[in-house]
Every structure is written in C-alpha cells, then in structure tokens.
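The values are calculated or read from the model by the stated rules, or taken from the named source; none is laboratory data. In this text, all values refer to a predicted model and were calculated from it rather than measured experimentally. A quick note on method: Cβ atoms are made from the backbone with ideal geometry, for glycine too, and the neighbour counts reach across all protein chains shown.
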Amino acid sequence: MLSIILFLILSNLYSFSQESTPYVDHYRTSNFDVAIFPPASAFLIPGTPFALSRTQVDKAEMALNKQLKQLNSRLINQGYTPIIHKNLKKYKRQYFGYINENNERVMFINCFWNKHTRTNPNWLKERVMVNDGGSYYWSVKYNMEKDELFDLDVNGSG
C-alpha cells in the first residue's frame with residue numbers, strides 16, 4: 001500500500017514538473033543554432049509575450065545578416081573581444097517574443113559566444129544572463145512589423 005501511495009505522489013510530481021517546464025524549440029541550421037522560447041519564459045522581457053515560429057525566426061536571422069553591421073558601426077565593447085557582425089555564426093541565440101506598447105511584435109534576441117555553452121549548459125532551458133564579457137554576450141531587438149533591428153546592447157568589457 002505504501003508503495004502505491006509513493007508511486008502516485010511521485011507520478012504527480014513528475015507530471016507537475018513536466019507541465020511547469022516550458023517547451024523550448026531548439027532550431028539548428030547550417031547558419032545558426034537558436035532556442036525559441038515559449039511565452040511563459042518571457043517574464044523578464046517587457047510587454048505581452050507571444051509565441052514565435054521558426055519562419056519568424058528565419059526572418060529575424062535574415063535581418064541580423066543584413067542589418068547588424070550598420071547597427072554595430074560604433075563597435076562598442078569590441079576592442080579585445082570579437083566584432084559581432086563578423087562572427088555571427090559563432091554565437092548561439094535565444095529568442096523571446098513580445099508585443100510592445102505600440103502593439104508591434106518584437107523579438108528579443110539574446111546572443112552569446114558558442115564556446116561559452118560549457119559555462120551556460122542550461123541555455124536551452126533558461127535565459128543566459130551575465131555581467132561583463134564584452135562582445136561574447138550581447139542582445140538586440142527585432143521589430144517584426146518594421147523589419148528592423150534596434151537596441152543593440154553589447155556587454156561591458158570582460
């Protein structure tokens with residue numbers, strides 16, 4: 001009888017943990033390796049969260065390839081660390097979708113150096129947040145309605 005009760009308790013705990021862990025879509029191509037987070041994961045992101053599709057991420061990736069160099073023209077915090085637009089394939093990315101105050105769909109794109117996944121093994125489960133690190137860690141936003149990158153934020157020097 002005790003083993004049946006224990007089984008029921010453990011199966012309920014397992015069921016709860018499965019339901020409370022949001023599904024992250026690990027989307028890899030020859031050009032990028034990204035994690036697409038569900039709306040439930042965007043609690044640290046401003047605005048109303050919404051679900052992103054791979055097609056939408058593809059469009060943002062095209063914008064990164066076309067617009068990042070110009071947005072990054074000042075090369076802030078990239079003196080002793082990589083120049084981000086020249087090394088885009090070397091970064092893993094995390095995507096979060098939200099609707100801003102103008103009712104526009106925006107993607108928050110969190111980026112970090114590919115080799116740093118050893119120090120951030122949970123990158124497919126939670127948002128990577130670090131202090132400093134220079135251009136090994138950076139983020140940018142993509143306005144889907146305007147097809148425009150904005151708010152490039154490169155971490156401080158490491």
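Tabulated results
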{"quantity": "The stretch 118-158, residues that are acidic (D, E), in a strand (DSSP E or B) and free of Cβ contacts under 8 Å to residues at least 40 places away in the same chain", "calculated": "D151, D153"}
{"quantity": "Matching residues, the stretch 75-88, being in contact with a strand residue (DSSP E or B) (Cβ under 9 Å, 6 or more places away or on another chain) and at pLDDT below 95", "calculated": "L75, I76, N77, Q78, T81, P82"}
{"quantity": "Every residue from the stretch 79-98 that is surrounded by 15 or more Cβ atoms within 10 Å (Cβ to Cβ) and of a type in the set (A, V, I, L, M)", "calculated": "I84, L88"}
{"quantity": "Test result for N103, of a type in the set (S, T, N, Q), more than 12 Å from the chain's Cα centre (by Cα), more than 18 Å from L44 (Cα to Cα) and modelled with pLDDT of 95 or more", "calculated": "yes"}
{"quantity": "Matching option when the condition is touching a residue at least 24 places away in the same chain (Cβ under 8 Å) and surrounded by fewer than 20 Cβ atoms within 10 Å (Cβ to Cβ), among I109, I76", "calculated": "I76"}
